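Please read the structure below before turning to the comments.
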Amino acid sequence: MDIFGQAIADYYYNHSPEDIRTETNISKEDILPTAYLFRKYKEMPPIEQQALQECRGKILDVGCAAGSHSLYLQNKGLPVHAIDISKKSIQICSLRGLQHAYHTSLLEWNKEKYDTILLMMNGTGIFETFEKVPTYLQHLKTLLVPNGQILIDSSDIKYMYDQEELDALYMFKVYYGELEFIVHYKNYSSSPFPWLYLDPNTFKKIAEYNGFDFEIIKKGKHYDYLARLTVIP
């Protein structure tokens, strides 16, 4: 079930849309208003606004959802390719006027090279697990032109654990940012899927080990941050 795509399509066509509900293995159910996926620039949080202002050249928007970031950039006259694993989301992106929207996963995309690669709304979630981060970073490196940049956001979710829980995770060598998500929409529920949050210190170490410079360019109010990765010459 393409849950995000169904919610986006229902909202676009006004087919009795409802909010998306999410839960994780460490938290209770939370609400993501479907309307939020259609937000305008002025409705975006400061980290997203900053990321869009930092975009330059040819851009790849990874996990584009309803295409809000891509449409903003396209309207500024920038060339944008948008990709998402949700087929229905890509269909709605095209109906909203996005000129280059493709149904594919990041690891399958290798057709172009970009000046900017954009991964928003906890962009590190697309890496799935801690173990897979190098695989994704090395693939992203192949998609960058010389002097290209990756703009990506995440959060340090250590605050969600008490010390006893953290000690247990450290003992079993489990990174605390590895979560399992379940998404609900109307009467549909997804299977659990991995979603990764990376604290900035850990992300910096992994990025540098994989040949990237790592720079935090904006911090949010709740342990979130925007980072820029560039390939070390």
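For the chain, the mean residue ellipticity at 222 nm estimated from helices alone is -8000 deg cm²/dmol, where every DSSP H run of n ≥ 4 contributes -39500 (n - 2.57) and the total is divided by all residues, rounded to the nearest 500. Suppose the Debye formula is applied to equal point scatterers at every Cα of the chain; what is log10 I(q)/I(0) at q = 0.11 Å⁻¹? The Debye formula, applied to the Cα set alone, gives -0.56.
Comparing Phe214, Phe193, Phe181 in a Gaussian network model of the chain (Cα springs below 10 Å), the most mobile by mean-square fluctuation is Phe193. Label positions at Gln50 and Glu131, each projected 7 Å from the Cα along the C-beta direction, are separated by 3.4 nm. Among beta bridges identified by DSSP and lying wholly in the chain, the antiparallel ones come to about 65 percent. Pairs over the 27 Å Cα-Cα cut-off, from the set Lys40/Lys88; Lys87/Lys204; Lys28/Lys173; Lys186/Lys218: Lys87/Lys204; Lys186/Lys218.
When the chain is treated as a Gaussian network with alpha carbon springs shorter than 10 Å, the biggest mean-square fluctuation among His103, His15, His184 belongs to His15. Measuring spread by the Cα atoms of the stretch 108-233 yields a radius of gyration and Dmax of 15.6, 51 Å. Put the Cα centre of the stretch 166-188 next to the Cα centre of the stretch 16-81 and the gap is 23 Å.
Farthest toward the dipole's positive end in the chain, which of Val145, His103, Gly63, given Cβ charges of +1 (Lys, Arg) and -1 (Asp, Glu) about the Cα centre? Working it through, the farthest residue towards the positive pole turns out to be Val145. Converting phi to 3J(HN,Hα) with the Karplus coefficients 6.51, -1.76 and 1.60 and the offset θ = phi - 60°, the stretch 111-120 yields 8, 9, 10, 10, 7, 9, 10, 10, 10, 10 Hz in sequence order, with x at every glycine or proline.
For the stretch 3-107, the equivalent ellipsoid derived from the alpha-carbon gyration tensor has semi-axes of 23, 16, 14 Å in decreasing order.
Rule-based calculations on the coordinates, nothing more; no lab input. Fair warning: this is a prediction, and the values are worked out from it, not measured in the lab. So basically every Cβ, Gly included, is an ideal-geometry build from the backbone, and we count neighbours across all protein chains shown.
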